[in-house]
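Down below is the structure, laid out as structure tokens.
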Amino acid sequence: MANHLDQLSRQTAEKRRSPAGRAAISVRTETVLLAAVLLLGGVLRMGWIGLAEFKADEARLTALALDMVEGKAFPLRGISSSVGLPNPAISVWLYALPLLVWKHVYSATLFTGLLSTVAVLSSW
């Protein structure tokens with residue numbers, strides 16, 4: 001009986017090995033590691049919000065989104081690209097969402113950090 005249990009244990013361990021031959025990590029360990037990566041990514045993206053780059057393009061995009069939130073205009077195109085062609089208005093529409101909650105430039109910057117952290121999660 002003990003021999004049979006040892007054999008079953010070895011077979012189970014072999015099935016749980018990754019293709020490279022290393023033992024697979026447990027679901028709990030994987031969840032903890034994922035949470036740590038997301039926490040680190042979120043802190044690095046949103047921890048020092050005042051240091052984030054906010055120049056002319058970001059200001060124009062935020063101004064268009066704020067005009068949309070305040071009902072002044074509904075943009076059908078976004079800011080101009082570097083070659084002069086207009087970008088789609090979806091970026092303006094997206095950045096209007098955080099400005100509905102808090103009308104401050106930090107809300108748009110935090111929203112970018114949040115979306116970037118979600119992108120890390122989606123790559124998992």
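Every number in this text was worked out from the coordinates using simple rules, so none of it is lab data. Remember, it's a predicted structure, so these values are computed and weren't measured experimentally. Cβ coordinates were reconstructed from backbone atoms using ideal geometry, including for glycine residues, and neighbour counts include every protein chain displayed.
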*Once phi is turned into ³J(HN,Hα) by the Karplus curve 6.51 cos²θ - 1.76 cosθ + 1.60 with θ = phi - 60°, what whole-Hz value does each residue of region 110-123 show in order, with x for glycine and proline?*
5, 4, 4, x, 5, 5, 5, 5, 5, 5, 4, 4, 5, 7
*Can you list the HN-Hα couplings for region 57-66, worked out from phi with the Karplus curve (6.51, -1.76, 1.60; θ = phi - 60°), rounded to whole Hz and with x for Gly and Pro?*
4, 5, 5, 5, 5, 5, 5, 5, 5, 5
*Hey, what did region 37-123 get for relative contact order, percent, Cα under 8 Å, at least 6 apart?*
36
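Could you compute the net charge surrounding LEU64? Neighbours are other residues with a C-beta less than 12 Å from the C-beta of LEU64; K and R count +1, D and E count -1. Intermediate results must be reported in sequence, preceding the final value.
Numbers: positive: ARG60, LYS72, ARG77; negative: ASP57, GLU58, ASP67, GLU70.
Result for the local shell: -1.
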*Calculate the spin-label point distance for HIS104 paired with LEU44, positioning each point 7 Å from the Cα along the beta-carbon direction, and give it in nanometres.*
2.6
